[in-house]
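Here is the structure we will look at.
Each value in this text was obtained by applying a stated rule to the coordinates, not by laboratory testing. These figures come from a predicted structure and were not determined experimentally. Don't worry about glycine lacking a Cβ; one is built from the backbone with ideal geometry, like all the others, and counts go over all protein chains shown.
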Amino acid sequence: MASAIPMISYEDVGAAVDWLGEAFGFRESGERFDDGEGHVTHAELSLDGATVFLGWPGPDYRSPKHHAEECEQARRWLDTPWVVDGVHVEVGNLDAHYERAKAAGATIIREPEDLPFGRLYSAEDPEGHRWMFMQPA
């Protein structure tokens, strides 16, 4: 059986692990690696069977949020409330998930809405990565 696991880069993987756990309910589920100098370079998270890998590609990496501070084009594509690049995760109770994310300080870029294929909302994490959460119809 084939599977796909999203891999997302972060400027601070350790902080991302903590925040994604608090706001979105992910838990660390696999190995964590570091570079021996205090930078977490790889972590594995899961949420109800969904898996995502986080990584730190090095000191030259800029998160979407920081990239947009330096680049007009990035600012423009991040102005849309849609997920341009990001992760889509199915959850069992969208409204409870939304309230948890909002309480933890997630930037909500798209409020919960009902669509023919399910109920969804979109949020941005502190580094500007976009997440779409959906409860299937």
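Taking amide H atoms as placed 1.01 Å from N in the peptide plane, the amide H of I109 lies under 5 Å from those of S122, A123, E124, each 5 or more residues away in sequence or on another chain. Here the chain carries DSSP beta bridges of which approximately 75% are antiparallel, counting only pairs with both residues inside.
Close amide H partners of G128, meaning residues 5 or more places away or on another chain with modelled amide H under 5 Å apart, are K65. Taking the DSSP beta bridges with both ends in the stretch 81-137, the antiparallel portion is around 70 percent.
Dividing the summed helix terms, -39500 (n - 2.57) for each DSSP H run of n ≥ 4, by the number of residues in the chain produces a 222 nm estimate of -7000 deg cm²/dmol to the nearest 500. Given +1 at the Cβ of Lys and Arg, -1 at the Cβ of Asp and Glu and no other charges, the dipole of the chain around its Cα centre is 400 debye to the nearest 20.
Here r is the Cβ-Cβ distance between A103 and H67 and R0 is 25 Å; the resulting FRET efficiency, rounded to 0.05, is 0.35.
Between the residues A68, L78, N93, the greatest Cα displacement towards the positive end of the dipole of the chain, with unit charges on the Cβ of Lys, Arg, Asp and Glu, is found for N93. Our coupling estimate for the stretch 42-58, obtained by passing each phi through the Karplus curve with A = 6.51, B = -1.76, C = 1.60 and θ = phi - 60°, is 7, 8, 10, 10, 9, 8, 6, x, 8, 10, 9, 9, 10, x, 10, x, x Hz, Gly and Pro reported as x.
Could you tell me which label, among [x] 173; [y] 123; [z] 107, carries the value of volume of the Cα convex hull per residue in Å³ calculated for this structure? Recomputing volume of the Cα convex hull per residue in Å³ here gives the entry labelled [y]. Report the extension gain between T80 and D18 in nm, rounded to one decimal, defined as 0.36 nm multiplied by the number of residues separating them, less their alpha carbon distance. Here the segment from T80 to D18 would lengthen by 19.6 nm.
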